[in-house]
Amino acid sequence: MSSDQKFEDELTYAMSRAGEAFRTETMRLDLAGLERGRRAWRRRRAAAAVVSGATVLALAGGAVYVMGPGVPTVSTGPAAAPVTAERLRTVLRAALPAGFLAEAKDTESLEITVDGARANVRFGGSAMVGPLSLSVERRTPEAAMQARELRCANVRIGPQDDCRTETLTDGSKLILVQGAASADGVERGLSARLAAPDGRLIEITTSNKSVSPGGAALPLTADQATAAMTSLAWDAVVADLPVAASSVQPVWFPGEEVLATVAGLLPHGLTPADASTGKAGYVGFTVTDGEGAGLVEVVLEDRRGYLGNPPADYATAQPLPDGTRLLEIRNEGWWTVQALRPDGLVVIASAHKSAGLLLPVSRQRPPLTMAQLKDIATAAVWKMPG
């Protein structure tokens, strides 16, 4: 894995891990920029409407839509056009600030993939602009609007930046978070997400990391990220994406119950402290042993959609006798065990060499061994409800 890839993976992990664990130093969100982005969104949406409340627009890809006071709905017209990398590249150049991808002329610096209902963009950065990850996914309207990615962190482990959530005039939900992307606070990151009533979920993660030293400013401001996510250029792409098969209303697990269960699975002498259960299906807490405090996280996810077609990562998973597929991951700052259970429940157990994400490493090893993490992830107590 390249250093840029590793940094981006760690940044994405740190800023959106289970939608819950932001670890950053105190700062202020650019609220003025955020408001400008919201006003631009309203102006564009208003311009697309007519006095009668509905107008027919022919969009790229050949589909025809009826625009009303709410979101676009599909009318009769040609079949959906394929969402290709070249098509996404065109949308990106329209949605992002002018010149942002000027140096992304080859596959090494700009990678675009389309996987069913989700399209992913990875820009490795340049001398002028930091790295950027973007994804656009189409879910059912209910699943998109209730996405857990739209919630601010509620974590007491380590410092935390301001996090701003907004509901736009068309009912879309917006969240923007800025914070440190490195333990020393020098590298900064921006994480932004938008969910709309038509089922779209757009996510942007970027940072000020650059191949040239000295670039301290974030490549996107809050209003630029908002404008990029709310651009009308996404409309036709979203309409031509299939609805995610796994976007049925997920089964979440009460955080308090997860915490109580995990507490009973910890090795003797370790007790959860500073616990966060701000989102169902997630729990984060510290445990203290002879080496000091270390962060432990457990995530439960309804992934029944994986059973027929699991992600590529599971191709190398260890099969267990009961049908569970097990992944073990060792990173520099944390260890993770991920178990895909036969009933479609995914259990992720992680232990960190620090007391919080993006806090300095304070231990030689995480407070739990791989074997202990495996015991937690594969415990028979975890069951899919119903």
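In the set Ala371, Ala280, Ala339, Ala351, only one residue is hydrophobic (A, V, I, L, M, F, W, C) and out of contact with any helix residue (DSSP H, G or I) (no Cβ under 7 Å at 6 or more places or on another chain); that residue is Ala371.
Residue by residue through segment 303-343, note down the ones that are under 25 Å from Leu359 (Cα atoms) and open to solvent by 80 Å² or more (accessible area, probe 1.4 Å). Listed by number, the residues that qualify are Glu328, Arg330, Glu332. Please go through segment 156-179 and give me each residue that is at pLDDT 90 or above, touching a Leu at 6+ places or on another chain (Cβ under 9 Å) and not aliphatic (A, V, I, L, M), ordered by number. Scanning segment 156-179 gives Glu166, Thr167, Ser172, Lys173. Taken together, the criteria exclude Ala317 from residues that are at negative phi and in contact with a helix residue (DSSP H, G or I) (Cβ under 7 Å, 6 or more places away or on another chain).
If the condition is being of a type outside the set (A, V, I, L, M), surrounded by fewer than 22 Cβ atoms within 10 Å (Cβ to Cβ) and modelled with pLDDT of 90 or more, then segment 344-368 contributes Gly344, Ser362, Arg363, Gln364, Arg365. Considering segment 117-148, and only residues there that are aliphatic (A, V, I, L, M) and part of a loop (DSSP other than H, G, I, E, B), the residue that is farthest from Thr167 (Cα to Cα) turns out to be Ala127.
Checking Val243, Val248 one by one, the residue that is β-branched (Val, Ile, Thr), at pLDDT 70 or above and open to solvent by 50 Å² or more (accessible area, probe 1.4 Å) is Val243 and no other.
For segment 344-362, name all the residues that are assigned to a loop (DSSP other than H, G, I, E, B) and more than 16 Å from Lys383 (Cβ to Cβ).
Passing the criteria: Lys353, Ser354, Ala355, Gly356, Leu357, Leu358, Leu359, Pro360, Val361, Ser362.
When the residues of segment 373-386 are filtered to those that are touching a strand residue (DSSP E or B) at 6+ places or on another chain (Cβ under 8 Å) and not aliphatic (A, V, I, L, M), which remaining residue is least open to solvent (accessible area, probe 1.4 Å)? For segment 373-386, the residue satisfying everything is Trp382.
Among the residues here, Ala153 does not qualify as over 16 Å from the mean Cα position of the chain (by Cα), of a type in the set (A, V, I, L, M) and either modelled with pLDDT of 85 or more or more than 25 Å from Ala117 (Cβ to Cβ) (or both).
Applying the criterion of being within 21 Å of Leu265 (Cα to Cα) and part of a loop (DSSP other than H, G, I, E, B) to the residues of segment 278-318, the residue that is modelled with the lowest pLDDT is Gly278.
The values are calculated or read from the model by the stated rules, or taken from the named source; none is laboratory data. Owing to the predicted nature of the structure, the values given are computational and were not obtained by experimental measurement. With ideal geometry, Cβ positions are generated from the backbone for all residues, glycine too; neighbour counts draw on all protein chains shown. Quick note on the areas: whole protein, heavy atoms, side chains included, nothing else; ligands and nucleic acids left out. Shrake-Rupley method; radii C 1.70, N 1.55, O 1.52, S 1.80 Å.
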